[in-house]
Each structure stands twice: as C-alpha cells, then as structure tokens.
Amino acid sequence: MNTPDPPAPPPGTVLELRGIHKQFSGVPALADVQLRLRAGEIHALMGQNGAGKSTLIKVLTGVYPVDAGEMRLQGRAIRPASPLSAQRLGISTVYQEVNLCPNLSVAENIFAGRYPRRRFTRRIDWAAANRGARELLARLDVHIDVSRLLSSYPVAVQQMVAIARALGVQAKVLILDEPTSSLDEDEVDKLFEVLRRLRAEGLAILFVTHFLNQVYAVSDRITVLRNGGWVGEWTAAELGPQALISAMVGREFDMAARAGAQRPAVGADTPVLLQASGLGQRGQLQPLDLQLRAGEVMGLAGLLGSGRTEVARLLFGLARPDSGELRVDGQPVQFKAPADAVRRGLAMCPEERKTDGIVAELSVRENIALALQASLGLRRNLSRAEQTRLAEAFVKALGIKTASVETPIGLLSGGNQQKAVLARWLATQPRLLLLDEPTRGIDVAAKQEILQEILRLAGEGMSVLFISSEMDEVVRLSHRVTVLRDRRKAGELPAGCTEDEVYELIAKT
Amino acid sequence: MTSPSPTVQRVLHHRLLWPVVTLVLLLALNAAFNPTFLHVEWRDGHLYGSLVDILNRAAPLVLVALGMTLVIATRGIDISVGAVVAIAAALAAALIGGSLVVKDGAAADVSRFPMWLAIAAALGAALACGLWNGLLVARIGMQPIIATLILMVAGRGIAQLITEGQIITVYYTPYFFIGGGYLLGLPFALFIAAAVFALLYLAVTRSALGLFIQSIGINPAAARLAGVKARRLTVGVYMLCAFCAGLAGLIISSNVKSADGNNAGQLLELDAILAVTLGGTSLTGGRFSLLGSVIGALIIQTLTYAIYSLGVPPEINLVVKAVVVFAVMLLQSPEFRAEMRRLVFRPAAAGGAQ
C-alpha cells in the first residue's frame with residue numbers, strides 16, 4: 001500500500017502512525033501497521049497472542065527502533081530512541097507489571113530520576129516532591145500519604161501511582177499495557193473512572209487488554225491487529241463483540257456452520273474422576289464447576305487472561321482455593337502442594353516451559369525421571385540404568401530429538417523440551433493430565449505429534465484437561481469444551497461443537 | 001596439533017581437575033621449602049607427620065564444607081555454621097563439666113553427665129539450629145543469607161550463655177579421644193569426617209537426594225511442580241548442615257580441651273564457603289561435588305599450614321592467604337583461563353580450543 005501524499009490528519013489527531021514495519025532477524029513482526037489516536041479518546045488495541053500489540057507499543061515508546069514508517073505527534077515527525085525520549089515527547093507508558101520500586105515512598109516513585117531541586121543548593125526539594133505527588137494523585141482522585149512506602153499500598157493503588165508517574169511529565173499520550181490483569185472488579189471500575197477523567201482532560205489513551213467487556217466499558221475506538229498486520233479501526237459502537245472476534249481471529253464465524261461431531265461424548269456411566277464444585281480463588285477465578293470423567297478430554301478455551309491457567313493451578317495444588325470443593329474419585333481432597341495432586345494421579349505440563357517445566361542444566365534422562373522419582377520418594381531410587389531405560393523409551397516413543405539422553409535438556413529445541421516434560425509426566429502413568437498450552441511456541445510437526453499422543457492416551461483411558469489458545473486444536477481434540485471469559489465460566493459446549501460456537505460464548509458480554 | 005586420546009580428554013575436562021592441580025601445587029610448594037614435609041613415620045603407636053597433621057586439622061572444615069555443599073546446591077547458604085560449632089562445643093563441655101576433680105591426690109575422670117548424653121545433647125542442639133534455619137528459609141521464605149545471619153549473631157550469644165561467659169576447660173580425658181585420639185594409627189577425627197563423607201556420598205548417589213537437591217537448586221518452581229517436596233527437603237538439608245557443624249564443634253572442643261563461646265568456629269563459615277567454591281560447586285546452586293569440597297577444605301588447610309611453616313610474619317599472613325586464594329580462584333575460573341589462552345596463543349588462535 002503506497003500512499004505517497006498522505007491526506008492531512010483529521011482535526012484532533014494527537015498521534016499518527018503510518019506504514020510501520022518491524023522485523024526481528026528477518027521475521028516480520030509488524031507489517032504496514034497504522035494507528036491514529038485522537039485527543040480525548042480511549043482507544044483499545046486488540047489482537048490475539050503474537051498479533052503484534054506489544055511490538056507496536058515498544059516501537060512507539062522507543063524500546064525498539066522502527067524499520068520503516070512514519071510517526072507523527074501533533075503533526076511533527078518523531079522517532080523516539082528510548083522510553084525516556086518518548087516520555088519527554090509526551091508519550092508515557094504504564095506496563096503490565098507495575099514496575100516501580102516497592103521499597104521507596106510513593107513520592108519517590110513518582111519523581112524518581114527527575115526530582116525537583118532547590119534552586120541554589122541543587123538538593124532534592126522533598127517538600128515540593130511530596131506536594132507534586134499529592135497533586136498528581138489528586139488528579140486521579142487518589143488521596144493517600146505519599147511519604148509512605150509504595151509496598152504498603154495494594155496493587156490497585158500502585159497501579160495509580162504508576163499512572164501518576166506517567167502523567168508527571170506533560171503527557172499527551174498515555175499507553176496502558178494490560179493495566180487490569182492484576183486488579184479485581186472494584187479496582188477495575190476505579191481505574192476506568194480515572195481513565196474517563198483523563199479523557200475529559202483531553203489525553204489520548206491507548207489501552208491494551210484481553211478482557212472484552214472492559215473494551216466496551218471504556219473504549220471509544222478499537223484498532224485490531226492480526227499476525228503483525230493492521231486489520232482495521234472502528235468505533236466501539238460499530239464493532240460488536242462478534243465482529244471484533246472475527247477481526248481478531250481473521251475469519252467470519254458463522255453460528256450456523258457446524259462441523260459434524262468428531263468425537264463422541266464419554267458416556268454418563270463412566271465414573272467421574274474429578275469434580276470441582278464452586279472452586280474459586282478471590283481475584284483470580286470466580287467459583288466454577290467442572291466435571292471430568294475417566295478417558296475424557298475436556299477443552300478449556302478462552303482468551304489469554306480468561307482464567308485458564310488459574311483453573312489448572314487450583315486443580316494441581318499450585319494455588320489454594322478459598323471457596324468450593326474438589327473431589328477426586330468422589331472423595332473430597334485438599335492439595336497443599338503439587339506432590340499431593342501427583343499422589344492422586346494428576347499431572348501437569350505448565351504453560352511456562354522454561355520457568356516451570358524444564359530443569360535446564362540437568363540431562364534429558366534426569367528431567368524425564370524427575371516426577372516419577374519424586375512420587376517414589378527419596379529411598380526407592382531409580383537406578384541410573386532404570387532412568388536411562390525409561391528416558392530412552394520415551395525419547396523413542398515421542399520422537400524426542402536429542403544427541404543422547406545425557407544431553408542437558410536446556411540445549412534441546414522448544415518442541416523437544418516440551419515432549420520431554422510430557423514424557424516426565426507420562427512416566428508417572430497419570431490418570432488426569434493437565435496440559436496448559438502444550439503446543440505454544442513449538443514447530444508444526446512437533447505440535448502434531450504431541451496432539452496425537454494426547455489422543456492416543458485418552459483412548460487408553462487417561463483424562464485430559466486441555467488448555468490452548470488455538471481454538472481449532474481445542475474443538476478437534478475435546479469431548480467437551482468449557483469456555484472461560486473474564487475469569488469465570490462462560491459456558492460448556494458438547495462434543496462436536498465448532499470454533500464459532502466457542503467464539504460466540506467468548507464474545508457474549 | 002594431535003588430538004589427545006579420549007582418556008586424556010576426560011581427565012582434562014573433569015571438573016575436579018583444577019582443584020586437584022591446586023592442591024598438588026600447594027603440597028609441592030610445601031615440600032620444596034620443607035624437606036621433611038612429605039615424611040610420614042610411625043611414632044608412639046600412630047602415624048606422625050605434616051600430612052597427617054593437615055588431614056587431622058582439616059577434619060572440622062571438611063565436615064562443615066560437606067554440609068555447606070548441599071545447602072549451596074539448593075541455592076542457599078548457611079553462615080551460621082560457626083555459631084553452631086560454638087553452641088555444640090559449649091553444650092558438650094558444659095554437660096561434661098569444667099572442673100578438675102582430684103581423687104586420692106590424682107586427677108580423676110568424672111563428668112557431670114555421661115559423655116554420650118553430652119554428645120547427644122550437642123548434636124541435638126545443632127539439629128535444632130538447622131531446623132530453625134531451614135524453617136526460616138523454606139517456610140517463611142527468608143533469603144538464606146539473612147535467615148542464617150540471625151543464628152550467626154544470636155548463636156554466639158547462646159553459646160556464651162551456656163558457658164556463662166567463661167571458657168570452659170574440660171578435664172575429662174575420654175572426651176579428648178574425639179578430636180585428639182587415634183584409631184588404627186590415624187587421628188579419630190579423620191574417621192568421623194570420612195564416615196560423614198561416605199554416608200553423604202552414598203545418599204546422593206544411591207538415593208534420589210542428589211537429583212532432588214540439584215533440581216531444587218536449578219529450578220525450584222519446576223522441581224515443586226514435578227512433585228518434589230522441596231520445602232521438606234530444604235529443611236532437611238539445613239539440618240544436615242548444622243549436624244555436620246555440631247560434629248565439627250565436638251572435634252574442635254575435644255582437640256583444644258575447652259569450649260570458648262566467643263571464638264570457637266570463628267569465621268569457619270567463610271572457610272567452608274570458600275572450600276565449597278574451590279571444589280567447583282557454583283554458588284548459584286545446582287550441580288555440586290562433595291569430593292570437590294573435601295579437596296577445597298584440604299587446599300585451605302594446606303595453605304594455612306604453608307603460611308605458618310614458611311614463617312610468613314603473622315601480621316601479613318592474612319594478606320598472603322588472600323592473595324593465594326585470589327590466584328587460585330582465577331586459576332579455577334574457566335573464563336579467566338580462556339582469556340589467558342587467548343592472550344598467550346593469539347597468533348595461532350584460529351584452531352584454538354572451543
């Protein structure tokens with residue numbers, strides 16, 4: 001798309017991006033992306049994982065240099081070289097994780113690096129800093145003691161402090177990258193009130209979130225990205241939830257179109273393996289019911305941040321529920337640690353392979369033997385020969401590509417690491433396998449092999465809770481699909497449901 | 001360049017190569033300046049010589065370093081071992097009693113409580129110290145250096161409370177056997193250290209302890225998720241470390257026939273950490289080597305011996321020790337060696353190693 005002479009931006013435009021390109025070692029992350037922010041609007045930036053939202057923000061705030069394209073702030077071409085220079089220009093960002101210093105006071109956090117100085121002595125003028133901090137927070141309708149440590153306040157207040165810090169400079173554009181992911185409902189409402197207040201002051205606000213209802217609660221306009229490309233810009237009124245999801249996933253989804261039932265439902269006479277009733281954790285997951293029968297594959301669908309991982313963490317003893325009850329084989333259980341869940345025949349491949357899955361410096365053999373050995377305890381030791389036999393059997397069965405079973409697992413490719421973590425759990429012969437995004441970030445061939453192995457095991461009677469962002473995988477593999485939205489259960493779909501039905505449930509706000 | 005045979009390759013890449021080289025160099029240095037250094041003879045019914053002496057004096061450090069190795073492998077550190085040494089020593093000495101009992105004009109061996117009880121109490125107190133450290137680290141989630149700092153400071157106070165601020169001198173001769181006696185011609189303390197080493201070595205190779213400790217040290221989240229009872233194990237490892245320190249306390253107090261709450265085991269924690277590091281175990285946790293730590297402890301003891309036997313003036317001997325330790329650390333650093341190789345072999349760098 002070549003527009004040699006762009007038309008003058010409509011009045012009110014604060015920031016305009018055109019034809020933005022960005023590549024990472026030859027792989028395009030952004031291609032011909034545009035974005036236009038107007039004064040006094042809240043603009044939602046939407047897209048699936050890997051759509052390019054974060055990259056766009058990082059380009060805009062000077063974290064990454066842009067490869068090609070034009071950025072104009074109030075008509076003036078800009079090219080921020082660093083977050084600091086972006087901030088000086090008037091583009092401020094509040095990142096997903098509150099990155100402030102918990103051990104400094106609120107005022108220190110707000111003015112860190114740009115303390116007001118006394119005129120002659122050049123010493124920090126603490127009185128002015130505290131006064132300034134109070135004023136900035138008052139603008140957000142937050143009235144707190146700014147001399148107290150940041151860590152003494154709840155996350156929601158810390159988030160406000162982060163916003164106040166961003167506003168401290170003469171901000172024209174405020175970027176919020178998933179600001180609500182760690183807030184509960186009341187706190188989100190409070191945040192939105194602040195955003196509306198800032199909008200009334202004429203600020204342009206760019207808002208990234210995965211919560212659909214939040215988009216419609218505050219946004220005036222929506223820009224959608226998909227696979228690093230620009231899909232379109234709409235006003236929130238003209239783009240309904242269904243159309244928004246269509247735009248995000250890249251095709252029309254039609255409620256009428258139904259694929260034939262691919263997997264028959266597991267009969268009601270099959271014993272219930274796991275039953276959760278009203279299981280929930282405050283601020284993480286609204287109470288939900290879940291039932292899994294032996295040999296059943298249950299899909300857990302939802303957008304990122306919809307509470308999928310939280311479900312798995314609660315079921316596996318990684319988080320403690322504060323409401324509801326969990327039963328395995330009809331007996332109530334309380335898992336204090338994953339070891340308790342393992343004893344009951346549960347297994348879990350975590351979402352974050354690097355931080356929660358592999359033990360990088362240990363060999364493939366040790367990694368595969370780890371869970372089985374942990375369930376056997378300290379004394380019933382698997383000999384090295386037994387470990388080798390076990391590991392070699394799984395390397396062969398799952399097609400793990402490694403020089404030998406003694407290779408440190410950290411040296412394997414992502415897909416092979418994932419297979420090894422899967423092997424670790426299959427070695428314990430689990431009755432219920434929780435798979436959290438088992439196919440993320442791995443190549444297509446490995447993905448197919450892993451999915452096939454899951455189906456084979458389910459055929460042999462193992463139950464599976466299958467979490468994935470890839471909706472086609474979920475509907476293809478699952479006997480039933482539980483859909484989550486905004487950390488609560490949105491509904492359940494039977495075998496043979498279509499992707500569109502899942503999206504429809506996700507979009508229903 | 002001919003490529004070396006596989007056996008030579010294995011030796012060259014063995015992780016204990018550099019610790020062993022260092023120890024041999026230090027022994028050679030001693031031997032060069034002191035012709036009788038390597039001489040061992042049979043005298044008074046036991047072996048006698050500098051080497052025996054070094055082994056004997058290294059025993060407490062070896063013990064503490066062994067316990068410390070496992071703590072460090074879990075990504076922790078225990079700087080309270082010196083204080084635990086003092087507590088164990090004080091308790092044992094106090095229970096045996098610090099008064100000279102004279103019967104029929106000769107000193108008699110009388111203890112306030114049976115010696116086995118004194119030893120059991122000392123080791124029990126050490127285990128309690130380890131439990132405290134372990135709970136602070138694994139349950140409360142304190143940083144290990146802070147958690148054990150508490151006992152490092154408070155432990156000296158506890159030891160002095162036990163000794164009532166005095167140095168307790170022990171006159172009960174059976175107690176002297178632990179740190180000063182000989183069995184089969186060798187110092188008894190050596191047997192204690194050897195037994196602990198053998199037990200730990202068997203535990204980490206023949207049970208799953210080694211695998212669990214390493215996985216906790218490398219990736220605690222993944223280990224816990226895989227069902228490893230990480231907290232319980234961590235507490236156990238701190239208890240083991242304190243137990244080793246307790247044994248060291250018995251040996252030290254028995255050897256010097258007294259218990260000094262203030263100075264027993266002073267700075268032993270630093271020597272132990274140094275020994276573990278010299279032995280090739282990384283302070284970031286994970287892979288560890290018990291044998292390496294033993295060699296590390298022997299390096300430190302040999303170095304201390306060399307400084308004294310070479311007649312380094314006392315006012316500079318700490319500086320000399322520091323310089324040697326610094327040099328040894330550089331020698332053992334793969335990065336430094338690679339850098340040196342680059343500087344030395346620059347012209348022929350094309351075919352260089354790696």
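Bear in mind that the values in this text are calculations on the coordinates, not laboratory data. These figures come from a predicted structure and were not determined experimentally. Here Cβ is always computed from backbone atoms with ideal geometry, including for glycine, and neighbour counts include all displayed protein chains.
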Whole-Hz couplings from phi, Karplus 6.51/-1.76/1.60, listed for region A:320-325; x for Gly and Pro: 9, x, 10, 8, x, 9
field: Max mean-square fluctuation residue, GNM over chain B, Cα-Cα springs under 10 Å, options B:226, B:89, B:245
entry: B:226
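Considering only chain A, what is the antiparallel percent among its DSSP beta bridges, to the nearest 5? Present the calculation step by step, with values, prior to reporting the outcome.
Numbers: 43 of 79 bridges.
The answer is about 55 percent antiparallel.
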- prompt: Between B:274, B:243, B:5, whose Cα lies farthest towards the positive end of the dipole of chain B when Lys and Arg beta carbons carry +1 and Asp and Glu beta carbons carry -1, centred on the Cα centre?
  reply: B:5
- request: Under a 10 Å cutoff between Cα atoms, tell me which one of B:305, B:175, B:238 has the largest fluctuation in the Gaussian network model of chain B.
  value: B:305
field: Cα centroid of region B:179-207 to Cα centroid of region A:468-500, whole Å
entry: 61
task: Please name whichever of A:149, A:120, A:159 sits farthest to the positive end of the charge dipole of region A:96-169, dipole taken about the Cα centre and charges placed at Cβ: Lys and Arg +1, Asp and Glu -1.
output: A:120
³J(HN,Hα) computed for each position of region A:274-279 - Karplus, 6.51 cos²θ - 1.76 cosθ + 1.60, integer Hz, glycine/proline x: 9, 9, 10, 10, x, 6
- prompt: Hey, what did region A:113-208 get for relative contact order, percent, Cα under 8 Å, at least 6 apart?
  reply: 24
task: Hey, can you grab everything whose amide H is under 5 Å from the amide H of residue A:299? Only 5+ residues off in sequence or another chain; H modelled, so Pro and N-termini drop out.
output: A:466, A:479, A:480, A:481, A:482
message: In the protein assembly as shown, if the dipole is taken from +1 on Lys/Arg beta carbons and -1 on Asp/Glu beta carbons about the Cα centre, which of A:74, A:398, A:47 is farthest to the positive end?
response: A:74
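What is the magnitude of the charge dipole of the protein assembly as shown about its Cα centre, with +1 placed on the Cβ of each Lys and Arg, -1 on the Cβ of each Asp and Glu, and no other charges, expressed in debye to the nearest 20?
Working: 83 positive and 70 negative charges, 230 e Å.
Rounded to the nearest 20 debye, it is 1100 debye.
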query: Can you list the residues, at least 5 places off or on another chain, whose amide H is less than 5 Å from the amide H of residue A:232, using H built in the peptide plane?
result: A:224
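Take every DSSP beta bridge whose two residues both sit in region A:272-507, then give the antiparallel share in percent to the nearest 5.
Numbers: 20 of 37 bridges.
Here the share of antiparallel DSSP bridges comes out near 55 percent.
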- prompt: Taking a 24 Å limit on the Cα-Cα distance, which of the listed pairs A:22/A:354; A:53/A:172; A:419/A:489; A:396/A:447; B:257/B:321 fall beyond it?
  reply: A:22/A:354; A:419/A:489; B:257/B:321
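Out of all DSSP beta bridges in the protein assembly as shown, what portion is antiparallel? Express it as a percent rounded to 5.
Values: 55 of 91 bridges.
Rounded to the nearest five, the antiparallel share is 60 percent.
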field: From phi via Karplus (6.51, -1.76, 1.60), per-residue ³J(HN,Hα) for region B:267-274 in Hz, x at Gly/Pro
entry: 6, 4, 4, 6, 4, 5, 4, 4
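Rounding to the nearest 20 debye, state how big the charge dipole of region B:1-137 is about its Cα centre with +1 on each Lys and Arg Cβ and -1 on each Asp and Glu Cβ.
On the way: 7 positive and 6 negative charges, 83 e Å.
It comes to approximately 400 debye.
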field: Where trypsin sites (Lys or Arg not before Pro) in DSSP loops with at most 15 other Cβ within 10 Å are excluded, longest remaining stretch of chain A
entry: A:1-113
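Relative contact order for region A:96-169 using alpha-carbon pairs under 8 Å, separation at least 6, rounded to a whole percent? Don't skip to the answer; put the middle values down first.
Numbers: 84 pairs, mean separation 30.9, N = 74.
After rounding, I find 42 percent.
Test of understanding: ordering B:115, A:71 by Cβ neighbours within 10 Å, fewest first, what list do you get? The partial results should precede the final answer.
Numbers: B:115 17, A:71 21.
Ordered by Cβ neighbours within 10 Å, fewest first: B:115, A:71.
Counting other C-beta atoms within 10 Å, which of A:105, A:323, B:207, A:306 has the fewest, and how do the rest follow?
Values: A:105 20, A:323 13, B:207 16, A:306 25.
Fewest-to-most ranking of A:105, A:323, B:207, A:306: A:323, B:207, A:105, A:306.
Please grab the % of Cα pairs in chain A that end up more than 37 Å from each other. Write out the running numbers ahead of the final one.
Values: 50432 of 129286 pairs.
Cα-Cα pairs in chain A separated by more than 37 Å: 39 percent.
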query: Pick from B:109, B:53, B:271: which is most flexible by mean-square fluctuation in a GNM of chain B where alpha carbon atoms under 10 Å apart are linked?
result: B:109
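Rounded, prolate or oblate: which one fits region A:75-220, using the alpha carbon gyration tensor with axes a ≥ b ≥ c (rounded when a/c is under 1.5, else prolate when a/b beats b/c, else oblate)? Don't skip to the end; give the middle numbers.
On the way: a/c = 1.93, a/b = 1.29, b/c = 1.50.
Note, shape of region A:75-220 comes out oblate.
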query: Whose amide H sits under 5 Å from the amide H of residue A:485, counting only residues 5 or more places off or on another chain, with H placed in the peptide plane?
result: A:490
statement: Expressed as a whole-number percentage, the relative contact order of chain A with C-alpha contacts under 8 angstrom and at least six residues apart is 15
query: Taking other Cβ within 10 Å of each residue's Cβ, how do A:349, B:244, A:101, B:129 sort, fewest first?
result: A:101, A:349, B:129, B:244
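Give me the dipole magnitude in Debye, nearest 20, for chain A about the Cα centre, with unit charges on the beta carbon: positive for Lys and Arg, negative for Asp and Glu. It would help to have the intermediate numbers written out before the result.
Numbers: 62 positive and 57 negative charges, 344 e Å.
Here the size comes out at about 1660 debye.
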